[in-house]
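These notes are about the structure you will find just below.
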Amino acid sequence: MVDRMSFQASDLSLKKKGKVKGDEYNVDSTRPSSLSLLEQMEDEYTCSVCCDILAAAHIANPCGHSFCGDCGYQWVSVAKKSTCPICRTHLSVSAQLIPNVALESAVGKYVELLGVAGHNGWRSGGNLHKDWLERKEMWKIQALAREKKRPPEDQPGTNVQQVIDLTRVFFDRSSPIRDDGSDLIPVAPPTYRSHRPFARTRSSRAVLLPNI
């Protein structure tokens, strides 16, 4: 009893001195949980086409809207659409869809945090988590199959809509990946100065002074 009274007295003295705040011992029941905060961010990682969590995220070029890799492929290559499915901006002819590496990584972290925060569906083995992994795996298999059937890009007379598959970035380990994305930008052919065998150089144009 004496020890309890001495503890309360010391605690009161610390509060008066400003060393301990009284609300540190209380839990704010109105504060949102980490799971509810994560669920509020779901729209940022949801595909606008299928309304599901993004799987193999791709970005439309040049408008910048992102959607699932399979959703983009179905829109561009199957439905033969030349515009963005969200804003109807005309897509680039050379590269209509580009893998959104940064967003794909962020979606993976988001899904992991949902499971850690206590969402049963997004825990390892949960129904939502299994469905998301199956969609990613199915995209990988289909993209690899399309890659094997792809005709040579430099073959004359072919009019193939270019879709840069996610496999070229995530699943091809034979070549290094550049973080700046410069490997996705076509390099212009080198230009050479015309050969002029009889052109006079600067030294040949020098004025010869007569000997005095």
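Annotations for the structure displayed:
- Residues that are closer than 22 Å to Trp139 by Cβ and surrounded by fewer than 16 Cβ atoms within 10 Å (Cβ to Cβ), drawn from region 93-105: Ala95, Ala102, Ser105
- When His129 is tested against (1) exposed (fewer than 13 other Cβ atoms within 10 Å of the Cβ); (2) modelled with pLDDT of 95 or more, just one condition goes unmet, and that condition is (1).
- Within region 39-56, tally of residues that are in contact with a Leu (Cβ under 6 Å, 6 or more places away or on another chain) and farther than 21 Å from Gly121 by Cα: 0
- If the condition is being more than 28 Å from Val78 (Cα to Cα) and polar (S, T, N, Q), then region 100-148 contributes Asn120, Ser124, Asn127.
- Against the conditions (1) at pLDDT 90 or above; (2) more than 24 Å from the chain's Cα centre (by Cα); (3) not polar (S, T, N, Q), Cys51 satisfies every one except (2).
- Cβ-Cβ distances below 7 Å connect the following pairs, each with a first residue in region 45-67 that is more than 13 Å from Tyr110 (Cβ to Cβ) and assigned to a strand (DSSP E or B), a second residue that is polar (S, T, N, Q) and modelled with pLDDT of 95 or more, and a separation of six or more residues or different chains: His58/Ser66; His58/Asn100; Ile59/Ser66; Ile59/Asn100; Ser66/Asn100.
- Residues being assigned to a helix (DSSP H, G or I) and crowded, with 22+ Cβ neighbours inside 10 Å - total across region 76-92: 1
The values are calculated or read from the model by the stated rules, or taken from the named source; none is laboratory data. This one's a predicted model, so the numbers in the text were calculated from it and none came from an experiment. Backbone-built Cβ (ideal geometry, glycine too); neighbour counts: all protein chains shown.
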